[in-house]
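The structure under discussion appears below in the form of structure tokens.
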């Protein structure tokens, strides 16, 4: 077994410019990085040293950064979607040729009737809605009746909102499991999400007790190969939920990005051999979807500070990869995800410094490269770029 640790950090929604097929998704002109660079709150010297501003198509920096410490490149998504599930699946080696179903007009009658029969509760809303707006507009009726607030978004999600004092968390989670069993076949949405909230009329607020129930990936992921080969796989944040727990051996829930980085740095101090897979969702959930340019910029600045500490804690055998799963340009029209290319930054003692890998044709090249790092067969989609970047005397 190769003594190696890979830390893969996904900056949820950190796109770097519209993808070649952005027109299909109505996203031509989207560029999350460019938008947040307009904010005076943006400052990411550690990301810049790893090569962020040297990546193909990132023509937004005022000056070139000298002494690049990392490997850098751009990834194009091949899967037909721009959501968290499909993006993470592709990073792990699964390309989705068909988009997961979405429901711009709400869910069909047969789905809701089956859920009503199984839960004994009525249905409110049933249309695309902002998560904060839906509890504002339907919260009172829900508290009065106990009916479930069902809503969706531009993503392939079926969301159930409920007040924790009206429907206990255990019951809400049970209802979501029922919905997950119903939503199969043509209605196999990517995620069923429990969205609990608390508070009084006019002041409802969501709690951190969200829970996602995802589909199982339809083909092998890099985590399957790693675990089957005896390596550890640790998840931080939503990773366990995104992959329906499959071959995520340990998981740590987090309340925000800061906690996510703290937990990753705690794992960094552990002795293990394998992969630590981290999702930082605040960029997307709190800032991208809410068109908050300054908030997004500040969140990137805060991450960069934690990144500096993480880099200092890396061991000789460690490799760090930073990437994203899709875009969510906070300055673009609407509040949905945006079809963008994403960055790939990589650093470690066993790889060269200042190497450009250009534009890669699939997110799944990350999975192939991770498996190659561990000298394992590449049983996923993707092509490894490890041979191009290894330190020569280590190869």
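The values are calculated or read from the model by the stated rules, or taken from the named source; none is laboratory data. Just so it is clear, the model here is predicted, and its values are computed rather than measured. Positions of Cβ are backbone-derived with ideal geometry, glycine not excepted, and every protein chain shown enters the neighbour counts.
Within the stretch 268-289, being outside any helix (DSSP H, G or I), more than 14 Å from residue 36 (Cα to Cα) and either touching a residue at least 40 places away in the same chain (Cβ under 8 Å) or outside the structural domain of residue 254 (by TED's automatic domain parsing) (or both) holds for 269, 272, 273, 274, 275, 276, 277, 278, 279, 280, 281. Within the stretch 79-92, identify whether any single residue is farther than 25 Å from residue 237 by Cβ and in contact with a helix residue (DSSP H, G or I) (Cβ under 6 Å, 6 or more places away or on another chain), and answer yes or no. The answer is no, given that none of the residues of the stretch 79-92 is farther than 25 Å from residue 237 by Cβ and in contact with a helix residue (DSSP H, G or I) (Cβ under 6 Å, 6 or more places away or on another chain). Checked against the criterion of being in contact with a strand residue (DSSP E or B) (Cβ under 6 Å, 6 or more places away or on another chain) and within 28 Å of residue 355 (Cα to Cα), the stretch 85-108 has no qualifying residue. Is there a residue being surrounded by fewer than 24 Cβ atoms within 10 Å (Cβ to Cβ) and in a loop (DSSP other than H, G, I, E, B) anywhere in the stretch 340-348? Among the residues of the stretch 340-348, not one is surrounded by fewer than 24 Cβ atoms within 10 Å (Cβ to Cβ) and in a loop (DSSP other than H, G, I, E, B), which makes the answer no.
Suppose the filter is touching a helix residue (DSSP H, G or I) at 6+ places or on another chain (Cβ under 9 Å), assigned to a loop (DSSP other than H, G, I, E, B) and modelled with pLDDT under 95; does residue 380 pass it? Walk me through it before giving the result.
On the way: touching a helix residue (DSSP H, G or I) at 6+ places or on another chain (Cβ under 9 Å): yes; assigned to a loop (DSSP other than H, G, I, E, B): yes; modelled with pLDDT under 95: no.
The answer is no for residue 380.
Test of understanding: among 320, 371, which residue is farther than 25 Å from residue 20 by Cβ, modelled with pLDDT of 95 or more and assigned to a helix (DSSP H, G or I)? Before the answer, list the steps.
On the way: 320 fails: assigned to a helix (DSSP H, G or I).
Just one listed residue meets the conditions, 371.
For the stretch 157-180, a tally of residues being under 28 Å from residue 96 (Cβ atoms), touching a helix residue (DSSP H, G or I) at 6+ places or on another chain (Cβ under 7 Å) and surrounded by fewer than 23 Cβ atoms within 10 Å (Cβ to Cβ) returns 2.
Annotation: of all residues in the stretch 311-333 being touching a residue at least 60 places away in the same chain (Cβ under 8 Å) and more than 26 Å from residue 270 (Cβ to Cβ), the one that is nearest to the chain's Cα centre (by Cα) is 326. Residues in the stretch 156-181 that are in contact (Cβ under 8 Å) with a residue 60 or more places away in the chain and part of a helix (DSSP H, G or I) were compared, and the one that is farthest from residue 79 (Cα to Cα) is 175. Would you mind telling me which numbered condition in (1) surrounded by fewer than 21 Cβ atoms within 10 Å (Cβ to Cβ); (2) touching a helix residue (DSSP H, G or I) at 6+ places or on another chain (Cβ under 6 Å); (3) in contact (Cβ under 8 Å) with a residue 60 or more places away in the chain residue 60 fails? (3) is the only condition that residue 60 fails.
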